[in-house]
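Worksheet: the structure to be examined is printed underneath.
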Amino acid sequence: MTFLESIYLWNIVKGMGITISHLFKRKATIKYPEQQRSFSKVFRGLHVLNRDAEGRENCTACGLCAVACPAEAITMEGAERLPGEEHLYREEKYAAKYEINMLRCIFCGLCEEACPKDAIYLSQTFAPANYGRKGFIYKKEELLIPHPVNEPEAYQKALGEKASH
């Protein structure tokens, strides 16, 4: 072993050369609030409960999404539509309670594939951070897409890539 090898001077110089070369390379990070990262077309984000063009809920509480979920993150309770509620629900049966536990969800998309009514889909929005566990259990009111008649701009924005399909 030579004197230079014994004091590791050559290895230190090589390491500093690598460090200095990284100063001139393109940065991998983005300035988040000003710049938004674009996601791929197959990105699976937050769940959305869909409505039809008249604003009625598509979900019929059949439970296929809950059965298909491998993480058992979806819970629902069905109820019968009452007379006079035809403007709220498409079918005679609807989901009175619909919850998704995002801490258990693995964003696999099986709930979306299992739904025969196209009532649930995974959007291009990612799950926001939260301080408590209860903040990650999304209820039906938080999952429903905005009303297409009352809030058309918010509805189109929530549809995102689904609008072109």
Inset, instruction - Give the residues of the range 30-53 that are within 12 Å of the chain's Cα centre (by Cα), in contact (Cβ under 8 Å) with a residue 24 or more places away in the chain and assigned to a loop (DSSP other than H, G, I, E, B), sorted by residue number. - result: Phe39, Phe43, Arg44, Gly45, Leu46
Inset, instruction - Taking Ala95 as the residue in question, decide whether it is in contact with a strand residue (DSSP E or B) (Cβ under 6 Å, 6 or more places away or on another chain), surrounded by 12 or more Cβ atoms within 10 Å (Cβ to Cβ) and assigned to a strand (DSSP E or B). - result: yes
Legend entry - Filtered residues of the range 1-54 (kept if surrounded by 10 or more Cβ atoms within 10 Å (Cβ to Cβ) and among the aromatic types (Phe, Trp, Tyr)): Tyr8, Trp10, Phe39, Phe43
Inset, instruction - Check Gly63 against each of (1) free of Cβ contacts under 8 Å to residues at least 24 places away in the same chain; (2) surrounded by fewer than 15 Cβ atoms within 10 Å (Cβ to Cβ); (3) under 16 Å from Lys140 (Cα atoms) and name the one condition it does not meet. - result: (2)
Inset, instruction - Taking the residues in the range 115-154 that are touching a residue at least 40 places away in the same chain (Cβ under 8 Å) and not in a loop (DSSP other than H, G, I, E, B) as candidates, determine which candidate is nearest to Met76 (Cα to Cα). - result: Lys140
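Listed residues Glu72, Glu86; which is at pLDDT 90 or above, over 15 Å from Asp118 (Cβ atoms), surrounded by fewer than 18 Cβ atoms within 10 Å (Cβ to Cβ) and charged (D, E, K, R)?
Details: Glu86 fails: at pLDDT 90 or above.
Answer to the check: Glu72.
Being β-branched (Val, Ile, Thr) and either within 19 Å of the chain's Cα centre (by Cα) or in a loop (DSSP other than H, G, I, E, B) (or both) is the filter here; which residues of the range 3-29 pass it? Let's see the steps before the verdict.
Initially, the range 3-29 is screened for residues β-branched (Val, Ile, Thr), giving 7, 12-13, 18-20, 29.
Correct list: Ile7, Thr29.
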Inset, instruction - Report the residue count in the range 109-160 for those that are in contact with a Leu (Cβ under 9 Å, 6 or more places away or on another chain) and of a type in the set (Gly, Ala, Ser). - result: 5
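The values are calculated or read from the model by the stated rules, or taken from the named source; none is laboratory data. Quick caveat, the model's predicted, so the values are computed rather than measured. As a convention, Cβ positions derive from the backbone with ideal geometry for all residues, glycine included, and neighbour counts pool all protein chains shown.
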